[in-house]
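Worksheet: one structure, shown below.
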C-alpha cells in the first residue's frame with residue numbers, strides 16, 4: 001500500500017494490524033478473540049501495556065495463521081476491554097470496535113503488521129427523514145422478534161434517531177444473528193455516505209425481519225439463518 005502524496009504524514013497514526021478471515025467490524029461491535037500465535041501475543045501485550053487499540057481488517061489474500069496475509073485497506077479499530085490468561089501464554093480477549101480507518105502505508109511486516117492509517121469520518125449531507133424512519137421501524141420489529149424467539153418479550157424498544165448511530169446499531173445486531181456476505185459488509189464499512197449506507201441497509205434489514213418472522217411463526221429458536 002503506497003502512501004498518498006496528498007495526505008500529510010502528521011495526519012496519520014501508527015496502528016498495529018490484525019487481519020482476520022470473514023470479520024468486518026462496525027463501530028460499537030464487540031469482538032471476542034482467542035490469541036495463540038506468538039506474534040499476536042506480542043501485539044496484544046503491547047496494546048494492553050500502552051492502552052492503545054489495534055486495527056481489524058478483512059483478509060484479501062492469505063491466511064490468518066502463518067505468513068503475513070494481505071488485508072483490505074479499510075477496517076475498524078478494536079480496543080481491548082478484557083484479557084483472560086490461559087495456559088501456554090494463550091489469551092482470550094474481549095474487544096470493542098471504535099473507529100473506521102484506511103491503511104495508507106504498511107511500515108512493519110514482522111512480527112506483526114503495523115500501518116500508518118488515516119481515520120475516516122462520515123461525509124456531511126442531507127439524509128432523508130423517511131428513510132431513517134423506515135429503518136427505525138424495521139429495526140424495532142427486528143428487536144421485538146429477536147426477543148420473542150428467545151422466549152422473552154421486549155415491550156420497550158428504544159431505537160436511536162441519529163442516522164450514523166442507527167446504522168452501526170443495526171449492523172451490530174444483524175452481525176450477531178444473521179450471516180451476511182462479507183463482501184456486502186465490507187462495502188458498507190467502506191462507504192462514508194450515510195445516506196447511501198442506509199439505502200443499502202434497508203432491503204437487507206427488511207429481509208432479515210422476514211426471516212425472523214418466519215422463524216417466530218415456526219416457534220423454533222433462531223439459529224442464524226443465512227441471507228442469500
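Between helix 38-50 and the chain there is an angle of about 80 degrees, using the helix long axis and the longest principal axis of the Cα atoms. In terms of overall dimensions, the C-alpha atoms belonging to region 129-218 reach 37, 27, 17 Å along their principal axes, ordered largest to smallest.
Please give the length that would be gained between residue 202 and residue 218 if that part of the chain were fully extended, namely 0.36 nm times their separation in residues minus their C-alpha to C-alpha distance (nm, one decimal). Could the numbers behind the result be given before it?
Values: separation 16, 0.36 × 16 = 5.76 nm, distance 2.46 nm.
Going from the current span to full extension adds 3.3 nm.
Rounded to the nearest 5, the antiparallel percentage of DSSP beta bridges internal to the chain is 85%.
Ordering 122, 169 by the number of other Cβ atoms within 10 Å of each residue's own Cβ, fewest first, gives 122, 169. In the chain, the calculated helix contribution to ellipticity at 222 nm averages -12000 deg cm²/dmol per residue, counting -39,500 (n - 2.57) for every DSSP H run with n ≥ 4. For residue 85 and residue 165, the FRET efficiency from 1/(1 + (r/R0)^6), where r spans their Cβ atoms and R0 equals 41 Å, is about 0.75. Taking the Cα atoms only, what angle lies between the long axis of helix 129-149 and the longest principal axis of the chain, rounded to 10 degrees? Result, in degrees: 80. The angle separating the long axis of helix 194-218 from the principal Cα axis of greatest extent in the chain is about 60 degrees.
Please give the per residue volume of the convex hull enclosing the alpha carbon atoms of region 89-145, rounded to a whole number of Å³.
Working: hull volume 8.2 nm³, N = 57.
So the per-residue hull volume is 144 Å³.
Projection of the Cα convex hull of region 9-119, averaged over all directions and equal to a quarter of that hull's surface, yields 6.4 nm².
Just rank 50, 70, fewest to most, by other beta-carbon atoms within 10 angstrom.
Numbers: 50 9, 70 14.
Ranked by crowding around the Cβ, least crowded first: 50, 70.
Cα extents for the chain along the principal axes, largest to smallest and rounded to whole angstrom: 52, 47, 30.
The numbers here are math on the coordinates, done by the rules we state, and not lab data. Note that this is a predicted model, so its numbers are computed, not measured. Virtual Cβ from ideal backbone geometry, glycine too; neighbours counted across all protein chains shown.
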